[in-house]
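Student: One structure follows; several queries about it will come next.
The values are calculated or read from the model by the stated rules, or taken from the named source; none is laboratory data. A quick note: this is a predicted structure, and the numbers were derived from the prediction, not measured. Positions of Cβ are backbone-derived with ideal geometry, glycine not excepted, and every protein chain shown enters the neighbour counts. Areas reflect the complete protein model, heavy atoms only, side chains present, ligands, DNA and RNA absent. Shrake-Rupley method; radii C 1.70, N 1.55, O 1.52, S 1.80 Å.
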Protein chains: 2
Amino acid sequence: MKDTISIGHGGGGRLARDLIKSVFLKHLSNPILAPLGDSAVFELNGSKLALTTDSYVVRPIFSPGTDIGKLAVCGTINDLSVVGAKPLYLSCALIIEEGFSLKDLEVVALSIKETAKKAGVEVITGDTKVIERSPGESQSNIYINTAGLGIVENGIDLGIGKITVCDKIILSGTMGDHGIAVLSKRDGFDFEATIESDCAPLNGIIQKIIKAGRIKFMRDPTRGGLAGVLNEIAEDGNLEIKIDEDSIPVRDDVKGICNMLGLDPLYIANEGKVVIIAAKDDACNILKALQNDPLGQNAAIIGEVTSKEKGKGVYLKTPYGGTRILDMPLDDLLPRIC
Amino acid sequence: MKDTISIGHGGGGRLARDLIKSVFLKHLSNPILAPLGDSAVFELNGSKLALTTDSYVVRPIFSPGTDIGKLAVCGTINDLSVVGAKPLYLSCALIIEEGFSLKDLEVVALSIKETAKKAGVEVITGDTKVIERSPGESQSNIYINTAGLGIVENGIDLGIGKITVCDKIILSGTMGDHGIAVLSKRDGFDFEATIESDCAPLNGIIQKIIKAGRIKFMRDPTRGGLAGVLNEIAEDGNLEIKIDEDSIPVRDDVKGICNMLGLDPLYIANEGKVVIIAAKDDACNILKALQNDPLGQNAAIIGEVTSKEKGKGVYLKTPYGGTRILDMPLDDLLPRIC
């Protein structure tokens, strides 16, 4: 490992996992932190609670279908939702560079308000820090951290350890929309199509599908995309996962831009999608429940768990009949995407 | 108000309060957020919990007696402690600029570990983002956000509304140590004396004094210093507060540096001190409990609440027999101090 931090250390791939394990888990490990779940789950005074945190450094801060405020609320709500928790309260802490527009700050605050309201959560505490703008920067940045507290009810108990051979892999919708939407607003890009980010709070749809069948584990494919998430699951659970490329929903316009730029949509971040590992016999019921919700209309069963053995990984059946390894990304194809 | 953010908007004074009220409270207000306490306090499933968040942008990141990791743990523990909560769990989210030293990152992680262990809290969830280093910067920065969850037990119920005339103002120790310690490590300063930051977790001492007498309200005098905190209390509670300058503990070396630089220690940030408003008859017991703890040896009763009437403020009795208004700071004397 190099002796300084590189952009890849903040991605959704191998470099970031190695950094977390070699620096943070080494010193801070405890039974609640150790599973490195999307949220920490713990008992407090007879309640099962979930706590999570994420900082948002996306650039630019406004993109079609999203902005840094909406992202900061949805991302944290989704990290609570995928561990089966009902999100209740958020904290919101801003680091703002001097010179940042007060008008833009108000737009971001309004977006936080509207997204939180839509999802039924409340921002109950906050913090504001201001830092100097760097001399070499052409505009002032803003960074937002949200932490979220949720409650896990009705005996819900998810975990990678519960996954067994023959469990089905279900995806709630199309891959790559968020990453391509943010990319489209960066300097130098001028796509004909407007691709909107899929950024959305998933607590509503997840609470519905939890009732539809036996879910073993969920994770939202943000940084590192679907490939990153499936490799994490395979690695942490010692699993072999096989997915079918033809079954993975990708919008035609996203596919077109990816082809043009040489990007693989399976490695691109999403902000309103969830990967579900479910008992084989319940997969169809869960799929139907997803498709009955506006956020899950393009849901699909994309594969299954084929073996439980150390050193296995993720395999992709290509449209031409072949099979290839779907590797863990080393870092992110698109940095600063959330 | 100007149309862009200035450094003062991130301070502990008037500008920051106006920004929070005009942008965030305007859009996000709800009964839990509205009191703008150091932590949000709320009921969940029969438990009374507290949630708080703070981002740390201190520069330099290492100073005598503290570093950004220790600060991030203590600051959040203290924000939980002053609302009467027992801190339990922390989240920890890092934003790191590329090029940051992995060795320094490990020192910070170790400091987080040791401070959390000393205070009896656990870091249970985290996040790491990496951003580009600005072309004009000579070194890479790190920013840490911690959110904290605590539990309020034994029917403790503090609030500015509980303060009455004749309540005593108690201070747990000397003023200005943290700010001067950080300043001493900035470029261009070369003090003969080494002044250590007072940075410390206050949960232990606060849990002790809560049992010693009727405490009405507490706040830790960080950004904005003692003057900032007392003015917030006077403004939010419609109170007149009179304090006696001679009774306020300030270290001689801190006083010397403040005199030299034209700084007022009452406006300088502390990171291991608490201002306590207590029932008159219990003030001596609380003072004794403070002085029996290593973190409270220099504690003193510094004044009292003299009137409950709108538009009042904070008055300072000077050593020469006069009285002057101790104003709310407009912004911070020393920015990026925490």
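Student: For segment B:134-147, take each phi angle, set θ = phi - 60°, evaluate the Karplus expression 6.51 cos²θ - 1.76 cosθ + 1.60, and give the result in whole Hz per residue in order, putting x for glycine and proline.
Tutor: In residue order, the calculated couplings are 5, x, x, 8, 8, 9, 8, 9, 9, 10, 10, 10, 10, 10 Hz.
Student: Okay, next question. Can you list the residues, at least 5 places off or on another chain, whose amide H is less than 5 Å from the amide H of B:Thr222, using H built in the peptide plane?
Tutor: Amide H neighbours of B:Thr222: B:Asn270.
Student: Using Cα pairs under 8 angstrom and six or more residues apart, how large is the relative contact order of chain A, in percent? Mind dumping the intermediate values first?
Tutor: On the way: 763 pairs, mean separation 83.2, N = 338.
Relative contact order, chain A: 25 percent.
Student: Calculate one ³J(HN,Hα) per residue across segment A:241-248 by plugging θ = phi - 60° into the Karplus curve 6.51 cos²θ - 1.76 cosθ + 1.60, and present them in order as whole Hz with x for glycine and proline.
Tutor: 10, 10, 10, 10, 4, 4, 8, 7
Student: Could you tell me the relative contact order of segment A:160-325? Use alpha-carbon pairs under 8 Å, at least six residues apart, and round to a whole percent.
Tutor: Worked out over segment A:160-325, it gives 43 percent.
Student: Where the eigenvalues come from the Cα gyration tensor of segment B:264-317, what are the semi-axes √(5λ) of the equivalent ellipsoid, largest first, in whole Å?
Tutor: 23, 17, 8
Student: With θ set to phi - 60° and the Karplus curve 6.51 cos²θ - 1.76 cosθ + 1.60, what are the ³J(HN,Hα) couplings of segment B:12-21 in order, to the nearest whole Hz, using x for Gly and Pro?
Tutor: Each residue of segment B:12-21 in turn: x, x, 4, 4, 5, 4, 5, 5, 4, 6 Hz.
Student: Restricting things to Cα coordinates, could you compute the convex hull volume per residue of segment A:39-93 in Å³?
Tutor: Per-residue hull volume (Cα only) is 84 Å³.
Student: Mind grabbing the base-10 log of I(q)/I(0) for segment B:53-203 at q = 0.12 Å⁻¹? Debye formula, identical points on the C-alpha positions, no solvent, two decimal places.
Tutor: Values returned for q = 0.12 Å⁻¹ are -0.60.
Student: Report the paramagnetic label zone for B:Thr318: residues of segment B:221-258 whose backbone N is under 20 Å from a point 7 Å from Cα along the Cα-to-Cβ axis.
Tutor: Counting backbone N atoms under 20 Å from the label point, the list is B:226-228, B:231, B:241-250, B:255-258.
Student: Another question about this same structure. What's the center-to-center distance, using Cα atoms, between segment B:182-214 and segment A:164-228 in Å?
Tutor: The two parts, judged by their Cα centres, are 46 Å apart.
Student: Report the Stokes-Einstein translational diffusion coefficient (µm² s⁻¹, integer) for segment B:9-131, Rh taken as the Kirkwood radius over Cα pairs, at 20 °C with viscosity 1.002 mPa s.
Tutor: It comes out at roughly 132 µm²/s.
Student: With a 1.4 Å probe and all protein chains kept in place, how do B:Phe217, A:Phe189 rank by accessible area, largest first?
Tutor: A:Phe189, B:Phe217
Student: Let me ask something additional. Under the convention of a label 7 Å out along Cα→Cβ, give the distances in nm from A:Asp187 to the same position in every other copy, shortest first.
Tutor: 2.5
Student: On to the next question. Excluding residues on the same chain fewer than 8 positions from A:Lys185, give the aspartates and glutamates whose Cα lies under 16 Å from its Cα.
Tutor: The qualifying aspartates and glutamates are A:Asp67, A:Asp177, A:Glu196, A:Asp198, A:Asp253.
Student: When the Cα centres of segment A:320-334 and segment A:10-39 are compared, how far apart do they sit, in Å?
Tutor: Each part reduced to its Cα centre gives a spacing of 22 Å.
Student: Can you give me the three principal axis dimensions of chain B from its C-alpha atoms, in Å, biggest first?
Tutor: Largest to smallest, the principal-axis extents are 55, 54, 46 Å.
Student: Under the rule a/c < 1.5 gives rounded, and otherwise a/b versus b/c splits prolate from oblate, where does segment A:144-282 land using the Cα gyration tensor?
Tutor: prolate
Student: Can I ask one more? List the lysines whose alpha-carbon lies under 22 Å from that of A:Lys86, not counting same-chain residues fewer than 8 positions away?
Tutor: Those lysines meeting the cut-off are A:Lys48, A:Lys70, A:Lys113, A:Lys117, A:Lys118, A:Lys162, A:Lys208, A:Lys211, A:Lys216, A:Lys273, A:Lys288, B:Lys48.
Student: For A:Glu106, place a label point 7 Å from Cα along the Cα-to-Cβ direction in every copy; what are the distances to the other copies, in nm, shortest first?
Tutor: Values, ascending and in nm: 5.0.
Student: For segment A:247-302 and segment A:87-146, what is the separation of their Cα centres, given in Å?
Tutor: 30
Student: Amide H of B:Tyr315 versus every other amide H placed in the peptide plane: which residues, excluding those fewer than 5 positions away on the same chain, fall under 5 Å?
Tutor: Those lying under 5 Å, H to H, from B:Tyr315 are B:Ile241, B:Lys242, B:Ile243, B:Leu326.
Student: One-quarter of the Cα convex hull surface for the protein assembly as shown, in nm²? If you can, show how the numbers build up before the last one.
Tutor: Details: hull surface 116.5 nm².
Seen from a random direction, the Cα hull of the protein assembly as shown projects 29.1 nm² on average.
Student: State which helices in chain A qualify, where a helix is a whole DSSP H run, it must extend 30 Å or more along its own axis by its Cα atoms, and its mean Kyte-Doolittle hydropathy must be at least 0.0.
Tutor: Membrane-span-like by this criterion, though nothing is claimed about a membrane: none.
Student: Within segment B:234-316, list the GluC sites (Glu not before Pro) lying in a DSSP loop whose Cβ has at most 15 other Cβ atoms in a 10 Å radius.
Tutor: B:Glu309
Student: Work through the residues other than B:Val274 whose Cβ is under 9 Å from its Cβ and net out their charges, Lys, Arg +1 and Asp, Glu -1.
Tutor: Details: positive: B:Arg219, B:Lys273; negative: B:Asp220.
Taking every other residue near B:Val274 into account, the sum is +1.
Student: Any idea what the A:Lys117 label distances to the other copies are, label 7 Å down the Cα→Cβ vector, nm, shortest first?
Tutor: 4.8
Student: Which net charge results when you count Lys and Arg as +1 and Asp and Glu as -1 among the other residues whose beta-carbon is under 11 Å from that of A:Asn203?
Tutor: +2
Student: For A:Lys216, list long-range residues whose amide hydrogen, built 1.01 Å from N in the peptide plane, is under 5 Å from its own amide hydrogen.
Tutor: A:Ile277, A:Ala278, A:Ala279
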